[in-house]
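*Asks:* Starting off with a structure, shown below.
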Amino acid sequence: MNYKDELLNRINKLLSGEWNVPEFQENYYMYFLESVPFDSLSDSEQDFFSFLQEQLDWTDPNPDEESRRDGWRDEREYIELVRRNLTDFLADENKWHEAYKGSWGK
C-alpha cells in the first residue's frame, strides 16, 4: 500500500469539502498513528503528516480568546493551515522540511 497517497487522499477530502474537520480527524488521526508503518514514509513525509495530525490537537470549533492566546485555532484556520502547508510540501518537500525543522523549539 502507498501510505503517502492514502494520506494525501484523506487530506484532499478535507480540502475539497467532502469531509469537515471532525470527519477528517476521525478518518486521519488514528489511521496515521495506528495504521501507517513508521518506516513507510521518508523523514520529511513523516514530519509533514505528523505535523497535520498534531495540529488537530490545537483545533476547536470555537476557541475562546484565552484559548487563542494559548495557540488554539478554529476549524477554518486549521483548513487554511493544511492548505498552505500542503501547497508548500508538494511544491518542494525538502524546502518545507527544512523550514519545519528550523521552527523546532521556537
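No lab work stands behind these numbers, since they all come straight from the coordinates. What you are looking at is a predicted structure, and each value in this text was computed from that prediction instead of being measured. Glycine also receives a Cβ, built like all others from the backbone with ideal geometry; neighbour counts cover every protein chain displayed.
*Asks:* Within the stretch 10-24, name every residue whose backbone N is under 16 Å away from a label modeled 7 Å from Cα of S40 along the Cβ vector.
*Replies:* Under cut-off, by backbone N: 10-11.
*Asks:* Would you mind calculating the relative contact order of the chain from Cα pairs under 8 angstrom and at least 6 residues apart, reporting the percent as a whole number?
*Replies:* Computed value for the chain: 24 percent relative contact order.
*Asks:* For the stretch 52-106, what class follows from the C-alpha gyration tensor (a ≥ b ≥ c being the square roots of its eigenvalues): rounded when a/c is under 1.5, otherwise prolate if a/b is larger than b/c, else oblate?
*Replies:* oblate
*Asks:* With the cut-off at 1.5 for a/c, could you classify the chain from its C-alpha gyration tensor as rounded, prolate or oblate?
*Replies:* oblate
*Asks:* Hey, what number do you get for the chain at 222 nm if only DSSP H runs of n ≥ 4 count, each worth -39500 (n - 2.57), divided across all residues, to the nearest 500?
*Replies:* Roughly -18000 deg cm²/dmol at 222 nm, from the helical runs in the chain.
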